[in-house]
Amino acid sequence: MPVTILIPTVLRQYTGNQATVAVDGKTVGDTLQNLAAAHPGLKTHIFTDNGKLRSFVNVFVNEDDIRQKGDMNAPVKNGDEVSIVPSIAGGRR
């Protein structure tokens, strides 16, 4: 079932500058793994070397934080939007 993944500007260079990518999957984990398989340059920006979601990457399904919906096991269905939101650090003190 296709899910729309919203790609943040900073990662679009790895998806051929696409702002959205349609991916199949039943869970957030499935969809992100399928996204990384289709666009291998994204993998190191989303996942650690042992396959875990990077701590600075936040993921939402239809505006709901997956940490409150089962993390990578959070279910997705046809028509859902998955947003990848990398945390940005820096600035002045």
**Kirkwood Rh, Cα atoms: Rg over Rh of the stretch 30-83** = 0.94
**Request:** Mind jotting down the distance between the C-alpha centroids of the stretch 1-31 and the stretch 46-86, whole Å?
**Result:** 11
**Asked** With the contact rule set at Cα under 8 Å and sequence spacing of 6 or more, what percent relative contact order holds for the chain?
**Response** 36
**Message:** How compact is the chain by the rule of thumb for globular proteins, expressed as Cα Rg over 2.2 N^0.38 Å?
**Reply:** 1.03
**Qualifying aspartates and glutamates (Cα of each under 14 Å from Cα of LYS26; at least 8 residues distant if same chain)** = ASP71, ASP80, GLU81
**Request:** Mind checking the stretch 41-74 for trypsin sites (Lys or Arg not before Pro) that DSSP puts in a loop (not H, G, I, E or B) and that have at most 13 other Cβ atoms within 10 Å?
**Result:** LYS52, ARG54
**Complete:** Quick shape summary for the stretch 1-41, equivalent ellipsoid via Cα gyration tensor, semi-axes whole Å in descending order, reads 17, 10, 8
**Asked** For HIS45, what charge total do you get from the other residues with a beta carbon under 12 Å from its beta carbon, if Lys and Arg give +1 and Asp and Glu give -1?
**Response** +3
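Computed from the coordinates by the stated procedures, all read-outs in this text should not be read as laboratory data. Not measured: the values here are computed from a predicted model. With ideal geometry, Cβ positions are generated from the backbone for all residues, glycine too; neighbour counts draw on all protein chains shown.
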